[in-house]
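Nothing in this text is a laboratory measurement; each read-out follows from the coordinates by a stated rule. Bear in mind the structure is a predicted one, so any value in this text is a computation, not a measurement. Reconstructed Cβ throughout: ideal geometry from the backbone, glycine too, with neighbour counts over all protein chains shown.
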Amino acid sequence: MQNEKNTQDNFMDKLNDFIQRNRKKIFAVLGIFIILFVASIVFLAVKDSSEKKSIVQLEELTKKYDSLFSFFKEENSEVDLLITDLKNFAGNKKGIAPSKAWALIAEIYVNREDWSKAEEAFIKSAGTGAKTYLGPISLFNAAAAAEEQGKLESALSLLKECLSHNFEFPSAPRAQFSIGRINEQLGNTSDAIEAYRAVMINWPDMPVWQQLARSRILVLEIN
């Protein structure tokens, strides 16, 4: 017991001596940790405040969007101003709020049937919201806008990107079926059949899409 006590005493003496000799370095390191800890708290507080402010701003812009909806199909200075405000709000930021802002811009262009600008805005929405559920939704809508312009290859690329997104797309079977449909338009029969078969394999619990895919495969194989 005495030897154990002496060992403990020696260890404490050495530890105390080490602390005394290196106290400046130790306090400096502790000071850095404290500064980093405080800085992280401040950063999170500012970030939370900024996000709340963004949500409030987006809600105001959305209300303006709703109030002007009936004027979207025609040239209107207030609608143009809203587009400018939404672009300024989105800026170069990332996240759900700026992604929704770009989606609102895209919807205005959809109502105007300005498919080129709609596609561009949806792609920006997808990029801005790449780490959110809005990513695949915007990619799908961008594909639809591309198809309206006859840009079938671009539409295919966007649909494939939509399906491979980190966030699952709720209408994935529809996107996969669209890949088959567009391949049909391009005359890529084998690719179309493969796309339709993917619908049947990956979504067996979706009877509507199963039936549609099966019927297209039958038509293509007969022809």
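Here are the numbers:
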item	result
For Ala101, net neighbour charge (Lys/Arg +1, Asp/Glu -1) across residues whose Cβ lies under 10 Å away	+3
Taking segment 65-128 and dividing mean pair separation by its residue count, relative contact order in percent (alpha carbons under 8 Å, at least six apart)	32
Cα gyration tensor, segment 153-208 - rounded (a/c under 1.5), prolate or oblate	oblate
Segment 160-195: GluC sites (Glu not before Pro) in DSSP coil with no more than 11 other Cβ atoms inside 10 Å	Glu168
Magnitude of the charge dipole, segment 82-223, Cβ model with Lys/Arg +1 and Asp/Glu -1, debye to 20	420
Tensor-based shape of segment 64-155 (alpha-carbon gyration tensor, a/c under 1.5 rounded, otherwise prolate or oblate)	oblate
Too-long pairs where the Cα-Cα distance tops 28 Å, listed order kept, from Lys64/Lys151; Lys100/Lys160; Lys124/Lys151	Lys64/Lys151
Environment charge of Ala146, counting only residues whose C-beta is closer than 15 Å and scoring Lys/Arg +1, Asp/Glu -1	-3
Gyration tensor (alpha-carbon) shape descriptor, segment 129-223, a/c threshold 1.5	oblate
Computed lengthening from Lys93 to Ser67, 0.36 nm per intervening residue step minus Cα-Cα distance	6.8 nm
